[in-house]
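Structure first, commentary second.
Throughout, read-outs are computed from the coordinates displayed, never taken from laboratory work. On a predicted model such as this, the values are computed, not experimentally measured, just so you know. Don't worry about glycine lacking a Cβ; one is built from the backbone with ideal geometry, like all the others, and counts go over all protein chains shown.
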Amino acid sequence: MFKSILFFLKKPFNLEPFIANKLILSLLHGLFIILFLNIFKPFNLDVLKEYLFGYTIVIGVLTFIIPLLLFLFLEKIKNWSIYSFSILMFFFTILYSLVLWYFSSIYKDLYGLIKLNFILFYKYSSTLIIISILFMLIVNEKLLKKEKKYNKIIDEITIYSENKKEKITIHIDKLIYITIDGNYASFFLDTTNGVKELILRNTLANILKQLKDYPFIVRCHKSYIINSLFFNKIKGNARGYFLKSKNIESKIPVSRSFNKKELVDLLKK
């Protein structure tokens, strides 16, 4: 049991995703604290009355600066284990609370407000730190998902023919659509000189299999695959819909298996 705990504590703790987003995380954290304290008025803050907003601005500025300084410090030391990071966070919470308590006391002295002793303030700020950590985890996860989606969009990918003897390399964010004619697939790409066509001996099923990691690449018809990011208009009716893009003059037919709502949702991808 003890060995298992020790093994767990020695595991590396990856802080790179947080450090990469340090500025936006710190800024959003400070704004979140200002809004949270003003809206919910926890820890008997309602007694501050007309001084509440100024007080929360002071706390908000500090809760932007202090985490940013922490991230800058963490950036200097690359290898953190769960144990070493936990020890750091223990001392950080004390320092964090001490700084907030000191500056909040200065603010309260200016207006003759009642000050809290450090023990009680530490109790309140520890609760705030738990909320802050949850906030940063959620926001960072959202930022990483957005970054991951963006990285996928700008990928340069190689598509192979069925026999693997031929291939073409394209930027997925430049692909408008693919169509099939007999045994050959035509790839239509957006370039600075207009739409460019590349041809590869292949099937749409095989191509789609190679593009499965890109949710915006969709087979909309037995003869067409589209990049939904390029299409913004739906034409036609229940007898037959077409998709339009400002990048091409032709209309892309849609299989009758798609209804209007599904097409609208498709173009939101």
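Some points to look at:
- Remark: for residue pairs Lys233/Lys261; Lys165/Lys251; Lys174/Lys212, the C-alpha separation exceeds 22 Å in Lys165/Lys251.
- In this structure the amide hydrogen of Ile176, modeled in the peptide plane, comes within under 5 Å of the amide hydrogens of Phe188, Leu189, Asp190, none closer than 5 places in sequence on its chain.
- For Trp101, Trp80, the sequence from fewest to most other C-beta atoms within 10 Å is Trp80, Trp101.
- The chain, helix-only ellipticity at 222 nm - DSSP H runs n ≥ 4, -39,500 (n - 2.57), divided by all residues, nearest 500: -17000 deg cm²/dmol
- Taken one residue at a time, the phi angles of region 3-18 give Karplus couplings (6.51, -1.76, 1.60, θ = phi - 60°) of 5, 5, 5, 5, 4, 5, 5, 7, 4, x, 10, 7, 9, 4, x, 6 Hz. Gly and Pro are set to x.
- Considering only Cα atoms, the convex hull volume of region 157-266 works out to 101 Å³ per residue.
- Assuming charge only on the beta carbon of Lys and Arg (+1) and of Asp and Glu (-1), the dipole of region 2-152 about its Cα centre is about 640 debye to the nearest 20.
- Crossing angle, helix 52-76 versus the chain [Cα axis fit, 0-90 degrees, rounded to tens]: 70
- Answer label, with volume of the Cα convex hull per residue in Å³ calculated from the coordinates and candidates (1) 112; (2) 196; (3) 240: (3)
- Crossing angle, helix 82-110 versus the chain [Cα axis fit, 0-90 degrees, rounded to tens]: 60
- Shape category assigned to region 174-216 from the gyration tensor of Cα positions, a/c cut at 1.5: oblate
- Qualifying lysines (Cα of each under 28 Å from Cα of Lys76; at least 8 residues distant if same chain): Lys10, Lys11, Lys22, Lys142, Lys145, Lys146, Lys148
- Spatially, region 92-142 and region 215-239 are offset by 52 Å when compared through their Cα centroids.
- Cross-link partners for Lys115 among the lysines, with Cα-Cα distance under 18 Å and sequence neighbours closer than 8 places in the same chain left out: Lys41, Lys49, Lys123.
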